[in-house]
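Let me begin by presenting the structure, written as structure tokens, before commenting on it.
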Amino acid sequence: MKKHKRMLSCVRKSTLNSFLNQTHICMKHLTKVLTLALTFCAATTFAQVNFGVKAGLNLANMSLSGEGSDELDDLKKMLITFQVGGIVEFDLAENIALQSGLMLVGKGFKIEDDNFDAKSTLNPFYLQVPALVVYKGEMFYVGAGPYVGFGLFGKTKFEVGGEEDSENIEFGNDEDSDLAPLDFGLQIEAGVILAGNIRVGAGYGLGLANAIPKDARGDDDSAKHGVISINAAYMFGGN
């Protein structure tokens with residue numbers, strides 16, 4: 001039992017502290033994203049507005065760099081999580097719209113080390129606001145643009161030799177925090193339009209923000225989110 005506890009402590013250190021150690025989250029970039037979204041919304045006050053609901057499956061991972069990242073790269077795998085929320089579209093021109101909304105988006109990754117019979121998962125959830133320019137054809141759509149996410153909650157889970165433990169994720173910029181509170185990046189989506197109201201598609205979110213808390217990161221330490229999504233949406237009132 002003592003051996004397992006020591007091993008559990010070791011896994012915690014290697015999965016969190018070794019890579020969650022972090023480059024300034026650039027508030028200027030965040031401000032630009034929000035300003036862009038608000039500018040588009042203001043410019044489309046009198047445009048047709050469509051509302052919808054959206055949900056899907058996420059395949060999440062993180063790109064790591066810095067001390068210990070090479071070892072973790074050999075062990076990390078995609079984490080299956082989810083997304084759900086509401087979307088709104090402002091028609092800018094024929095077939096072109098600005099899409100935004102509020103989405104609860106799961107991110108993170110998992111580690112499996114067969115040599116120590118150890119598993120670990122990092123699964124944070126963010127309130128994400130996209131600002132995508134979408135082209136809509138008769139039976140397909142494609143969109144791209146920036147997003148910004150605010151860390152809400154999440155868990156880290158550990159399992160060594162059958163012994164399990166979990167902790168809540170703490171968002172912040174100090175040394176004791178697990179993840180930085182803000183995430184931003186670029187998002188692309190494409191899919192098909194079914195029966196006018198239903199959309200089925202896939203997308204990718206490329207994180208550009210360093211997820212390691214500012215006061216805990218070394219000069220070369222970086223961890224950035226990446227999420228592949230498979231989703232479906234229902235638009236009230238049609239395409």
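The values are calculated or read from the model by the stated rules, or taken from the named source; none is laboratory data. Worth saying up front: this structure is predicted, and the values here are computed from it rather than measured. Note that we place each Cβ from the backbone using ideal geometry, even for glycine, and neighbour counts take in every protein chain shown.
Among the residues examined, GLY172 qualifies as under 25 Å from ASP221 (Cα atoms), surrounded by fewer than 19 Cβ atoms within 10 Å (Cβ to Cβ), of a type outside the set (Lys, Arg) and over 14 Å from the mean Cα position of the chain (by Cα).
Taking the numbered list (1) β-branched (Val, Ile, Thr); (2) touching a Phe, Trp or Tyr at 6+ places or on another chain (Cβ under 7 Å); (3) surrounded by 14 or more Cβ atoms within 10 Å (Cβ to Cβ) in turn, THR156 passes all entries but (2).
All conditions in (1) surrounded by 20 or more Cβ atoms within 10 Å (Cβ to Cβ); (2) under 30 Å from ASP70 (Cβ atoms) hold for ASP215, with the sole exception of (1). Residues that are of a type outside the set (Gly, Ala, Ser), exposed (fewer than 14 other Cβ atoms within 10 Å of the Cβ) and within 23 Å of SER100 (Cβ to Cβ) do not occur anywhere in region 218-230.
For region 175-215, the set of residues classified as aliphatic (A, V, I, L, M) and assigned to a strand (DSSP E or B) consists of LEU179, LEU182, LEU186, ILE188, ALA190, VAL192, ILE193, LEU194, ILE198, VAL200, ALA202, LEU206, listed by residue number.
All of GLY218, GLY226 fail the test of being part of a strand (DSSP E or B) and among the small types (Gly, Ala, Ser), apart from GLY226.
Of the residues making up region 143-187, those that are of a type in the set (Val, Ile, Thr) and more than 30 Å from LEU132 (Cα to Cα) are THR156, VAL160. Of all the listed residues (ASP176, ASP183), the sole one being of a type in the set (Asp, Glu) and either in contact with a strand residue (DSSP E or B) (Cβ under 6 Å, 6 or more places away or on another chain) or on the phi > 0 side of the Ramachandran plot (or both) is ASP183.
Restricted to strands (runs of 3 or more DSSP E) entirely inside region 48-121, those with at least 1 residues that are out of contact with any Lys or Arg (no Cβ under 9 Å at 6 or more places or on another chain) and of a type in the set (Val, Ile, Thr) are 49-65, 79-93, 96-106.
May I ask you to verify whether TYR234 is farther than 27 Å from ASP73 by Cβ and either modelled with pLDDT of 95 or more or over 17 Å from the mean Cα position of the chain (by Cα) (or both)? It is true that TYR234 is farther than 27 Å from ASP73 by Cβ and either modelled with pLDDT of 95 or more or over 17 Å from the mean Cα position of the chain (by Cα) (or both).
Can you pull out the residues in region 122-148 that are in a strand (DSSP E or B), crowded, with 20+ Cβ neighbours inside 10 Å and among the small types (Gly, Ala, Ser)? Across region 122-148, the qualifying residues are GLY143, GLY145. Flag: ILE188 does not match the condition of being at pLDDT 95 or above, under 22 Å from PHE82 (Cβ atoms), among the hydrophobic types (A, V, I, L, M, F, W, C) and in contact with a Ser or Thr (Cβ under 7 Å, 6 or more places away or on another chain).
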